[in-house]
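K.L.:
Sharing a structure here in structure tokens format.
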Amino acid sequence: MESQTSPGNLKKEKKLDHKEVLGFCPQCFASTEGGSWGTGVIDDHCYNCGAGGAIRIPRWAVDSIRAQASWVGRRYYPGPEDSENAVELKNLRSLPTSFPGRTAEKDKEEQYRWWVTQALPGNKSISSSFKATSAEDAIEASRYSLPYVPEEDLNNGQ
């Protein structure tokens, strides 16, 4: 039986260099390693969002800012907890077989674009567009993007 600590079982992990300094954009949280939309900071200019005046800070500070940030950092640079929550949300949204208050309307200009609207409590709604060949396919395409609202919530106006 092979030992748990044998070289074949050890994971190769990159040791974090706490002295490493990266260029960092305080506007969009991109770094010299890249940004949410692609290229990051190069020569103190952010090619991710176009902002000038990037700063140089240690890697641990970049990771800390992104982890503690409001929606910008957490949306584009999710931490482990955010990724776990996203998987759970996707799993939960895969369960319903019908979507009360959800309708699809064909776009007048684009042949395969449908606008799917989800009614929300309080006479509100949210909508998004999806590529589909039918209203049913468009509603199915919206499964993971639009919130699920139980019928009783729509009827009670909560």
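K.L.:
Which residue is modelled with the lowest pLDDT, if the candidates are limited to the stretch 126-158 and must be in contact with a Gly (Cβ under 8 Å, 6 or more places away or on another chain) and closer than 26 Å to residue 85 by Cα? Break it down stepwise before answering.
P.N.:
Our first condition is that a residue be in contact with a Gly (Cβ under 8 Å, 6 or more places away or on another chain); within the stretch 126-158, this holds for 149, 151, 154, 157-158.
Subsequent filtering for residues that are closer than 26 Å to residue 85 by Cα retains 149, 151, 154, 158.
Working: 149: 95, 151: 92, 154: 91, 158: 51.
Among residues in the stretch 126-158 that are in contact with a Gly (Cβ under 8 Å, 6 or more places away or on another chain) and closer than 26 Å to residue 85 by Cα, the one modelled with the lowest pLDDT is 158.
K.L.:
While we're here: Residue 67: under 30 Å from residue 32 (Cβ atoms), outside any loop (DSSP other than H, G, I, E, B) and among the aliphatic types (A, V, I, L, M), yes or no?
P.N.:
Against the criterion (under 30 Å from residue 32 (Cβ atoms), outside any loop (DSSP other than H, G, I, E, B) and among the aliphatic types (A, V, I, L, M)), residue 67 qualifies.
K.L.:
Let me ask you something else. I'd like the full set of residues that are small (Gly, Ala, Ser), out of contact with any Asp or Glu (no Cβ under 8 Å at 6 or more places or on another chain) and over 23 Å from residue 81 (Cβ atoms), limited to the stretch 21-69.
P.N.:
Just the residues of the stretch 21-69 that are small (Gly, Ala, Ser), to begin with: 23, 30-31, 34-36, 38, 40, 50-54, 61, 64, 67, 69.
With the extra rule that they be out of contact with any Asp or Glu (no Cβ under 8 Å at 6 or more places or on another chain), the set shrinks to 30-31, 34-36, 38, 50-51, 61, 64, 67, 69.
Those that are small (Gly, Ala, Ser), out of contact with any Asp or Glu (no Cβ under 8 Å at 6 or more places or on another chain) and over 23 Å from residue 81 (Cβ atoms): 38, 50, 51.
K.L.:
Now for a different question. Which pairs turn up if I take residues in the stretch 78-101 that are surrounded by fewer than 10 Cβ atoms within 10 Å (Cβ to Cβ) and look for partners that are charged (D, E, K, R) with beta carbon separation below 8 Å, at least 6 apart in sequence or on another chain?
P.N.:
Filtered contacts from the stretch 78-101: 94/143.
K.L.:
Is it the case that the stretch 95-112 has a residue that's modelled with pLDDT of 90 or more and at positive phi?
P.N.:
Yes: the stretch 95-112 contains one or more residues that are modelled with pLDDT of 90 or more and at positive phi.
K.L.:
Quick check on the stretch 51-59. Is at least one of its residues farther than 30 Å from residue 19 by Cα and either part of a loop (DSSP other than H, G, I, E, B) or not assigned by TED's automatic domain parsing to the domain that holds residue 141 (or both)?
P.N.:
Applying the first criterion (farther than 30 Å from residue 19 by Cα) to the stretch 51-59 yields none.
No, the stretch 51-59 contains no residue that is farther than 30 Å from residue 19 by Cα and either part of a loop (DSSP other than H, G, I, E, B) or not assigned by TED's automatic domain parsing to the domain that holds residue 141 (or both).
K.L.:
Take the stretch 60-72 and flag every residue that is closer than 16 Å to residue 20 by Cα and in contact (Cβ under 8 Å) with a residue 24 or more places away in the chain. First the steps, then the outcome.
P.N.:
Step one: of the stretch 60-72, the residues closer than 16 Å to residue 20 by Cα are 60-65.
Passing the criteria: 60, 61, 62, 65.
K.L.:
Considering every residue within the stretch 51-68, establish whether at least one is under 30 Å from residue 141 (Cα atoms) and at pLDDT below 95. It would help to see each step written out before you state the result.
P.N.:
Our first condition is that a residue be under 30 Å from residue 141 (Cα atoms); within the stretch 51-68, this holds for none.
No, the conditions are met nowhere in the stretch 51-68.
K.L.:
Right, something else. Limited to the stretch 20-33, what total is found for residues that are in contact with a strand residue (DSSP E or B) (Cβ under 7 Å, 6 or more places away or on another chain) and assigned to a loop (DSSP other than H, G, I, E, B)?
P.N.:
8
K.L.:
Taking the condition of being surrounded by 15 or more Cβ atoms within 10 Å (Cβ to Cβ) and either farther than 16 Å from residue 21 by Cβ or β-branched (Val, Ile, Thr) (or both), how many residues in the stretch 35-44 meet it?
P.N.:
So in the stretch 35-44, the residues surrounded by 15 or more Cβ atoms within 10 Å (Cβ to Cβ) come out as 35-36, 40-41.
Filter once more, so that each one left must be either farther than 16 Å from residue 21 by Cβ or β-branched (Val, Ile, Thr) (or both): 35-36, 41.
The number of residues fulfilling the criteria is 3.
K.L.:
Suppose we filter the stretch 34-47 for residues that are part of a loop (DSSP other than H, G, I, E, B) and modelled with pLDDT of 90 or more; how many remain?
P.N.:
Step one: filter the stretch 34-47 for residues part of a loop (DSSP other than H, G, I, E, B), giving 36-37, 39-40, 43-44, 47.
So of that shortlist, the ones also modelled with pLDDT of 90 or more come out as 40, 47.
Matching residues across the stretch 34-47 total 2.
K.L.:
With (1) in a helix (DSSP H, G or I); (2) outside the structural domain of residue 34 (by TED's automatic domain parsing) as the list, and residue 119 as the residue in question, which single condition is left unmet?
P.N.:
Going through (1) in a helix (DSSP H, G or I); (2) outside the structural domain of residue 34 (by TED's automatic domain parsing) one by one, residue 119 breaks only (1).
The values are calculated or read from the model by the stated rules, or taken from the named source; none is laboratory data. Since the model is a prediction, treat every value here as computed from it, not as a measurement. As a convention, Cβ positions derive from the backbone with ideal geometry for all residues, glycine included, and neighbour counts pool all protein chains shown.
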